[in-house]
Amino acid sequence: MTGEAVDWIVIGGGITGVALAWELQKRGLAVLLLERHAPLVGASRYSYGGIAYWAGQTPLLQALGEASRKQYQALAEEFGGAIEFREIDLLLTLAPEDDPGAIAARFRDCAVVPELLSQEDACALEPLLHREAIAGALRVPHGHVRLEALTAALTSAFQALGGRVVLGEAQGFLWEGDRCRGVRTATTELWADQVVVCAGGFSRDLLRQGGVQVPLYFSHAEVLEAPPVPVKLQTMVMPAVTRRFQMEALAGAAECDRLWQEPDQEVIAPVLDVGAIQFLDGSLRIGQISRALSSASAQVSPAASEATLRSGIGRVMPFLKDVPAQWHHCLVAFSRDGLPLIGEVPQRPGLQVFSGFSNPLAMVPSLAEQFARFVTGDEETVIPQMSPGRFLVR
Ligand SMILES: Cc1cc2nc3c(=O)[nH]c(=O)nc-3n(C[C@H](O)[C@H](O)[C@H](O)COP(=O)(O)OP(=O)(O)OC[C@H]3O[C@@H](n4cnc5c(N)ncnc54)[C@H](O)[C@@H]3O)c2cc1C
């Protein structure tokens, strides 16, 4: 054994890992957070940072959204302006071929129902939009945070409570029979009572290395990042029909599992969701291409993707087409049914998962808190509903 065993090892220092590590440490547990990159290069680094706490269409998701909304307000008080938490208008653009009424109807069960705007009203709210490129838009108040700043603030808060951050890569698990006892890195063995996988898009491969098969998947996301520009976006812009979510639903279906098992497969054709968000310093993220490729290490062509992203944003927001910007790539996790996988892996005591979040910001703070309460003995009704045991495992 190398070093003393801790109560929990959290693998992954993106938003899911740090939110959970902080909550576990707050509950009095000794927690070690293992992250392989500094600075971060995962989805929490390149995210738009939108918090869709209005979007829940079921009582469960609406309750999570409302709980998280309150938690973000508390986080903003705790961390101040550093995390850039604010409320912003989200404009969900309708393509010229869309039927505005039919698309709007898809949102009628949301906790806050977006308002349908005409072309004129959408362009009055966001003058950078190209009138001919949209049939109108849906407008809704949206939460927004600078996710990499929130992740950093939570990491510091975790450390301030005595939590330990180790820079290293989990290369496998330590077992005593079927019981997980810790994590192996290139240089050491880390022992713990519980290990939780929060590795975002890499959770699938990490668990498979441990012989665990759960319906967790990932998409390759591509985005452009621009330094501060001399114009101001008034809103966050996204398409009303998010093709990424449609792609995830198709690629996560059981029929596609055979393709996911093989290397270098394109499970579903790539999709483009034209959108943009401007941060308080004037910098921008413009996106996004999503690809369901079965290999986490699959190569994509930055030049071709950049051209696709520029052409897409050029149609909807022509001014942004030629802004100086840099292409980036990361993985985003998703699950078969759109809900995360949270809890102990069946037949693998000591191995937990907190992953499969695709668009998680409206639920991560609340679920991290509830999971920490659950594993320290409180009664929780939500966490058991997210158990990986709801799928066939191993
Ligand atoms: C362009 C874009 C826009 C988005 N916009 C939104 C949005 O507006 N709203 C929203 O809710 N969501 C959005 N998302 C999704 C959201 O950002 C991600 O789902 C979220 O950040 C994922 O967090 P995570 O902690 O699961 O993963 P990550 O942030 O990827 O973190 C996982 C971490 O695990 C580490 N890791 C992996 N394997 C190992 C290992 N073996 N050992 C040690 N460490 C390891 C990685 O280095 C990484 O830091 C967006 C995503 C993208 C790409």
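Do we find a residue being within 17 Å of residue 235 (Cα to Cα) and touching a residue at least 12 places away in the same chain (Cβ under 8 Å) anywhere in the stretch 96-110?
Kept after step one, since they are within 17 Å of residue 235 (Cα to Cα), are these residues of the stretch 96-110: none.
Checking the stretch 96-110: not a single residue is within 17 Å of residue 235 (Cα to Cα) and touching a residue at least 12 places away in the same chain (Cβ under 8 Å).
Quick test for you: out of 182, 211, 162, 177, pick the one residue that is open to solvent by less than 20 Å² (accessible area, probe 1.4 Å), out of contact with any Gly (no Cβ under 8 Å at 6 or more places or on another chain), among the small types (Gly, Ala, Ser) and away from the ligand (no atom under 11 Å from the Cβ).
Values: 211 fails: open to solvent by less than 20 Å² (accessible area, probe 1.4 Å); 162 fails: open to solvent by less than 20 Å² (accessible area, probe 1.4 Å); 177 fails: open to solvent by less than 20 Å² (accessible area, probe 1.4 Å).
Going through 182, 211, 162, 177 in turn, just one is open to solvent by less than 20 Å² (accessible area, probe 1.4 Å), out of contact with any Gly (no Cβ under 8 Å at 6 or more places or on another chain), among the small types (Gly, Ala, Ser) and away from the ligand (no atom under 11 Å from the Cβ): 182.
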Meets criteria (within 18 Å of residue 215 (Cβ to Cβ) and either touching a Gly at 6+ places or on another chain (Cβ under 8 Å) or polar (S, T, N, Q) (or both)) for residue 299: no
Residue list for the stretch 241-261, filter: among the acidic types (Asp, Glu) and open to solvent by 70 Å² or more (accessible area, probe 1.4 Å): 255
Looking only at the stretch 60-87, and only at residues there that are open to solvent by less than 50 Å² (accessible area, probe 1.4 Å) and over 19 Å from the mean Cα position of the chain (by Cα), the one that is farthest from the ligand (Cβ to nearest atom): 80
Any chance residue 370 is polar (S, T, N, Q), assigned by TED's automatic domain parsing to the domain that holds residue 177 and free of Cβ contacts under 8 Å to residues at least 40 places away in the same chain: yes
Test: residue in the stretch 194-202 that is among the hydrophobic types (A, V, I, L, M, F, W, C) and surrounded by fewer than 24 Cβ atoms within 10 Å (Cβ to Cβ): yes
Some residue of the stretch 232-241 being farther than 13 Å from residue 12 by Cβ and of a type in the set (Ser, Thr, Tyr): yes
For residue 126: the one exception among (1) more than 16 Å from the ligand (Cβ to nearest atom); (2) of a type in the set (Asp, Glu); (3) not assigned by TED's automatic domain parsing to the domain that holds residue 284: (3)
Considering residues of the stretch 339-394 that are among the acidic types (Asp, Glu) and assigned to a loop (DSSP other than H, G, I, E, B) only, the residue surrounded by the fewest Cβ atoms within 10 Å (Cβ to Cβ): 379
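Yes/no matrix, rows are residues, columns are (1) within 13 Å of the ligand (Cβ to nearest atom); (2) open to solvent by 10 Å² or more (accessible area, probe 1.4 Å); (3) in contact with an Asp or Glu (Cβ under 9 Å, 6 or more places away or on another chain):
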| residue | (1), (2), (3) |
| --- | --- |
| 274 | yes, yes, no |
| 280 | no, yes, yes |
| 287 | yes, no, yes |
| 292 | no, no, yes |
| 307 | no, yes, no |
| 314 | no, yes, yes |
Close pairs from the stretch 32-44: first over 21 Å from residue 224 (Cα atoms), partner of a type outside the set (Gly, Ala, Ser) and within 6 Å of the ligand (Cβ to nearest atom), Cβ under 7 Å, at least 6 apart: 34/11; 36/169
All positions within the stretch 176-194 that are at negative phi and without any contact (Cβ under 8 Å) to a residue 12 or more places away in the chain: 176
Qualifying residues in the stretch 1-59 (those that are touching a strand residue (DSSP E or B) at 6+ places or on another chain (Cβ under 8 Å) and of a type in the set (Asp, Glu)) - the one nearest to the ligand (Cβ to nearest atom): 35
Exclusive hit being basic (Lys, Arg), more than 30 Å from residue 124 (Cβ to Cβ), in contact (Cβ under 8 Å) with a residue 60 or more places away in the chain and part of a helix (DSSP H, G or I), set 258, 208, 204: 204
Among residues of the stretch 211-228, those that are outside any strand (DSSP E or B) and at pLDDT 95 or above, counted: 2
Subset of the stretch 317-338 (residues that are of a type in the set (Val, Ile, Thr) and either free of Cβ contacts under 8 Å to residues at least 12 places away in the same chain or surrounded by 21 or more Cβ atoms within 10 Å (Cβ to Cβ) (or both)): 332
Residue identified as modelled with pLDDT of 95 or more and not in a strand (DSSP E or B) among 333, 296: 296
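The values are calculated or read from the model by the stated rules, or taken from the named source; none is laboratory data. Since this is a predicted model, take the numbers as computed values, not measurements. Positions of Cβ are generated from backbone atoms using ideal geometry, with glycine treated the same way; all protein chains shown enter the neighbour counts. What goes into the accessible areas is simple: the full protein's heavy atoms, side chains included, and nothing from ligands, DNA or RNA. Shrake-Rupley method; radii C 1.70, N 1.55, O 1.52, S 1.80 Å.
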